[in-house]
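Novice: To start, I am sharing the structure in question, which I have written as structure tokens.
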Amino acid sequence: DDQPVPFLLKAESQDLRKKFYYEVVQQANPDSIKAAVKFLKKTHNNPELLMIVGQKKLGQENLVPRTKIAFDSHNAPFKLMAFDIDSWVDMSAPNPTDLESVGKYITSLLHSEMPDFFPENMGHIVLASSSAGISSGIRAHFYFINEQELTGGQIRFLIDQINIKLPGFLDNTTYSP
């Protein structure tokens, strides 16, 4: 229906030059935490799947070349916001493997710095990064559903604003070309 969506994809080699393609296997635009959990469980349970937030450029079929011009991650609006925290070190932070406490801690930090955008009782999904508990600091992936759709550019701006208030808090490479 031409609505922008996060794409659930897998990469596979298609020729001898090792040009990689994404095969679109599912498209979704979850509008609730419950729907996002169902969507994210697929990537969590299958290491061959990759989630790309964006929209296919016009004219692309199911097999999409793995290039930055094949997807529009800047202008395509979506409700799902994904944040990556790579190594937030704070003496008051909880044990990085206690995901319930990590979720409460991170959402309270976001609320304290940007209460108009992040309500006190916001729903969220938190998944531990593969190095959580091994490397220092909090290493986690956070997912939120926004009430209005935001473009990739708006989310990049939001990440920049958060990192101004909390330097180094969020990894912004997730949303850069």
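The values are calculated or read from the model by the stated rules, or taken from the named source; none is laboratory data. All values derive from a computational prediction rather than experimental measurement. Using ideal geometry, Cβ is built from the backbone for each residue, glycine included, and neighbour counts are taken over all protein chains shown. Ligands, DNA and RNA are stripped out before the accessible areas are found, and what is left, the full protein with its side chains, is counted by its heavy atoms. Shrake-Rupley method; radii C 1.70, N 1.55, O 1.52, S 1.80 Å.
Novice: Is it the case that some residue within region 152-160 is polar (S, T, N, Q), open to solvent by less than 60 Å² (accessible area, probe 1.4 Å), within 28 Å of ASN29 (Cβ to Cβ) and under 16 Å from the mean Cα position of the chain (by Cα)?
Specialist: no
Novice: For PHE117, all conditions in the list (1) in a helix (DSSP H, G or I); (2) surrounded by fewer than 16 Cβ atoms within 10 Å (Cβ to Cβ); (3) not β-branched (Val, Ile, Thr) hold save one; what is the number of the exception?
Specialist: Condition (1) is where PHE117 drops out.
Novice: Can you find a residue in region 163-171 that is aliphatic (A, V, I, L, M) and either over 12 Å from the mean Cα position of the chain (by Cα) or at positive phi (or both)?
Specialist: Yes, there is a match, as at least one residue in region 163-171 is aliphatic (A, V, I, L, M) and either over 12 Å from the mean Cα position of the chain (by Cα) or at positive phi (or both).
Novice: Just for region 120-149: of the residues that are surrounded by 12 or more Cβ atoms within 10 Å (Cβ to Cβ) and assigned to a loop (DSSP other than H, G, I, E, B), which one is modelled with the lowest pLDDT?
Specialist: Within region 120-149, the match that is modelled with the lowest pLDDT is GLY133.
Novice: Sticking with this structure for a sec: Could you please give the count of residues in region 109-119 that are touching a residue at least 12 places away in the same chain (Cβ under 8 Å) and either over 19 Å from GLN154 (Cα atoms) or hydroxyl-bearing (Ser, Thr, Tyr) (or both)?
Specialist: Summing the residues that are touching a residue at least 12 places away in the same chain (Cβ under 8 Å) and either over 19 Å from GLN154 (Cα atoms) or hydroxyl-bearing (Ser, Thr, Tyr) (or both) in region 109-119 gives 1.
Novice: Next question, about the same structure. I need the full set of residues from region 94-110 which are open to solvent by less than 50 Å² (accessible area, probe 1.4 Å) and either farther than 14 Å from PHE142 by Cβ or at pLDDT 90 or above (or both), in order please.
Specialist: Selection gives PRO94, SER101, VAL102, GLY103, TYR105, ILE106, THR107, LEU109, LEU110.
Novice: How many residues are more than 19 Å from the chain's Cα centre (by Cα) and assigned to a strand (DSSP E or B) when one looks only at region 86-113?
Specialist: 0
Novice: Could I ask something else about it? For the structure I just gave you, tell me whether PHE20 is without any contact (Cβ under 8 Å) to a residue 60 or more places away in the chain, open to solvent by 60 Å² or more (accessible area, probe 1.4 Å) and under 16 Å from ILE155 (Cβ atoms).
Specialist: no
Novice: Let me ask another. Go through region 162-177 and count every residue that is open to solvent by less than 60 Å² (accessible area, probe 1.4 Å), at pLDDT 90 or above and not in a loop (DSSP other than H, G, I, E, B).
Specialist: Number satisfying all stated conditions: 2.
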